[in-house]
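Some notes on the structure that comes next.
The values are calculated or read from the model by the stated rules, or taken from the named source; none is laboratory data. None of these values were measured; they are calculated from a predicted model. We place every Cβ from the backbone using ideal geometry, glycine too, and count neighbours over all the protein chains shown. Protein only, heavy atoms only, side chains kept; ligands, DNA and RNA dropped before computing areas. Shrake-Rupley method; radii C 1.70, N 1.55, O 1.52, S 1.80 Å.
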Amino acid sequence: MRHAVAPAESVENNYFAVTNLLKICTHSERLSKKDLGVRIPRPLGNGPSRFIPEKEILEVSKVDARTQSIFEDAFAALGRLDNISLVMGFHPQYLGSFLRTQHYLLQMDGPLSLHYRHYIGIMAAARHQCSYLVNLHVNDFLQVGGDPKWLNGLDEAPQKLQQLGELNKILAHRPWLLTKEHIERLLKAEEHSWSLAELIHAVVLLTHYHSLASFTFGCGITTEIHCDGGHTFRPPSLSQYCVCDIANGNGHAIHHDDSLGNQEMCGEVEVLMERMKQLQECRDDEEASQEEMATRFEREKTESMLVVTAEDEECVPSRDISRHFEDPSYGYKDFSRRGEHVPTFRVQDYSWEDHGFSLVNRLYPDVGQMLDEKFQMAYNLTYNTMATHKDVDTSMLRRAIWNYIHCMFGIRYDDYDYGEINQLLDRSFKIYIKTMVCSPEKTTKRMYESFWRQFQHSEKVHVNLLLMEARMQAELLYALRAITRYMT
């Protein structure tokens with residue numbers, strides 16, 4: 001029998017319960033609380049995202065019955081509705097697939113114990129200094145009976161989990177370096193060894209949370225008020241905003257006059273649509289040779305290495321985060337600058353559809369199917385719109401984004417003309433993609449706002465779903481190929 005689900009309005013009200021209570025506090029109530037010595041927390045921001053106005057996110061759940069239903073189910077299952085889900089609510093079809101997959105990975109029958117699953121989530125999120133996800137899984141880890149001592153640092157965790165540290169850092173930052181020898185060391189570690197099924201479960205969790213960290217930073221996800229870092233006890237400023245609200249542009253009374261920017265970007269969508277039309281005509285007229293296609297891929301791969309992030313300084317993780325992983329200095333590097341080369345991974349030799357899917361499904365039943373549905377949902381999701389234009393075929397643009405991300409990881413599709421990427425993705429967009437995928441902790445609001453200025457926030461969230469899933473699949477391909485090579 002299913003327990004009663006919170007009705008539509010109560011789900012939304014639950015999320016803002018504390019905030020609303022604070023807003024209706026009278027002056028006398030504040031005085032009485034002060035007399036009692038009770039400190040009243042205030043949220044450190046307005047809404048689930050630092051990048052997207054709160055009212056736009058909330059409006060989605062009010063007008064879309066499917067989104068509201070998914071929110072209710074998530075609330076009933078978890079007793080909470082996190083900010084990631086609220087932002088993903090722009091795309092309810094995808095959100096449903098995402099939540100089903102994540103629930104299965106964390107809660108349902110599987111090779112790994114529940115506390116191991118959450119600890120691996122902590123390890124993965126910590127690699128990108130994603131305190132939002134780390135804190136979420138610290139709480140869940142303790143709720144399922146995890147040993148608090150493990151949270152003092154990775155060196156306090158069991159040796160079996162410590163040995164996963166090498167795989168975690170390579171997958172997060174340089175997955176092309178993964179070999180069957182790394183797999184062998186985990187599977188043949190005597191009393192601390194992993195089974196193949198356990199390792200597949202761990203790999204899926206690691207790649208899930210590496211990519212989810214990208215989405216979290218890419219959408220400017222804020223911490224919920226009840227979590228560490230989500231509230232303050234400082235009194236409000238005169239205008240009832242804290243400085244961070246104003247800086248984030250989320251204040252209700254603050255209107256940013258972007259008319260000049262709009263004038264500068266006028267025609268951006270039309271130019272992109274015209275390029276798509278011209279590229280389609282070129283496809284119909286002539287087809288490049290295989291040699292030329294290979295040359296274009298290598299050129300695009302080299303150029304992607306030379307794209308620098310806008311905030312290209314080192315981010316030093318805090319002790320609270322870095323204790324959950326080893327070798328904090330290890331990260332993504334621009335290899336071409338040091339004369340190094342990312343080898344080419346040909347999808348025709350090892351693909352998700354023909355190889356990875358069946359391997360995951362065999363060792364961790366049903367998960368391969370769930371992942372495949374989630375990948376397909378993100379890749380094929382379309383409303384046939386671009387900004388204010390309707391009845392637009394966006395498949396060429398979606399494919400360019402997906403393949404550019406895989407190109408950055410050295411993954412090549414023989415049947416794709418990589419010359420299209422430079423026609424469809426401008427430099428500011430490439431900077432955003434590279435930062436979010438390779439060094440998500442460096443993503444800024446300025447970078448989010450600098451690409452696709454005329455597009456809706458829902459379209460930018462869609463882009464972030466593409467980036468997240470393409471990154472996860474790229475990492476999985478390298479890990480599963482290494483496991484396959486070990487098995488054969």
- Based on what the data block shows, is residue 127 modelled with pLDDT under 95, surrounded by 21 or more Cβ atoms within 10 Å (Cβ to Cβ) and not aliphatic (A, V, I, L, M)? yes
- Task: Return the residue satisfying two criteria in turn: it lies in the stretch 250-270 and is in a helix (DSSP H, G or I) and exposed (fewer than 12 other Cβ atoms within 10 Å of the Cβ), and of such residues it is modelled with the highest pLDDT.
- Result: 264
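Residues are listed down the side, and each one gets a yes or a no for (1) in a helix (DSSP H, G or I); (2) open to solvent by 50 Å² or more (accessible area, probe 1.4 Å); (3) at pLDDT 85 or above:
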| residue | (1), (2), (3) |
| --- | --- |
| 298 | yes, yes, yes |
| 305 | yes, no, no |
| 315 | no, no, no |
| 325 | no, no, no |
| 329 | no, yes, no |
| 333 | no, yes, no |
- Query: Looking at 202, 189, which is the one that is at pLDDT below 95 and among the small types (Gly, Ala, Ser)?
  - Reply: 189
- Message: If I filter the stretch 17-34 for residues that are out of contact with any strand residue (DSSP E or B) (no Cβ under 7 Å at 6 or more places or on another chain), modelled with pLDDT under 55 and surrounded by 15 or more Cβ atoms within 10 Å (Cβ to Cβ), do I get at least one hit?
- Response: yes
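Every residue, every condition in (1) closer than 25 Å to residue 85 by Cα; (2) touching a helix residue (DSSP H, G or I) at 6+ places or on another chain (Cβ under 9 Å), yes or no:
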| site | (1), (2) |
| --- | --- |
| 372 | yes, yes |
| 424 | no, yes |
| 446 | yes, no |
| 453 | yes, yes |
- Pick from 136, 114: which is over 30 Å from residue 382 (Cα atoms), touching a residue at least 12 places away in the same chain (Cβ under 8 Å), surrounded by fewer than 20 Cβ atoms within 10 Å (Cβ to Cβ) and hydrophobic (A, V, I, L, M, F, W, C)? 114
- Filtered residue count, the stretch 194-212, keeping only those that are part of a loop (DSSP other than H, G, I, E, B) and either in contact with a Lys or Arg (Cβ under 8 Å, 6 or more places away or on another chain) or open to solvent by less than 10 Å² (accessible area, probe 1.4 Å) (or both): 1
- Restricting the search to the stretch 53-100, which residues are over 19 Å from residue 462 (Cα atoms), open to solvent by less than 30 Å² (accessible area, probe 1.4 Å) and either at pLDDT below 85 or touching a strand residue (DSSP E or B) at 6+ places or on another chain (Cβ under 7 Å) (or both)? 74
- Task: Provide a single number: the residues in the stretch 386-396 that are open to solvent by less than 10 Å² (accessible area, probe 1.4 Å) and either part of a helix (DSSP H, G or I) or in contact with a Pro (Cβ under 6 Å, 6 or more places away or on another chain) (or both).
- Result: 0
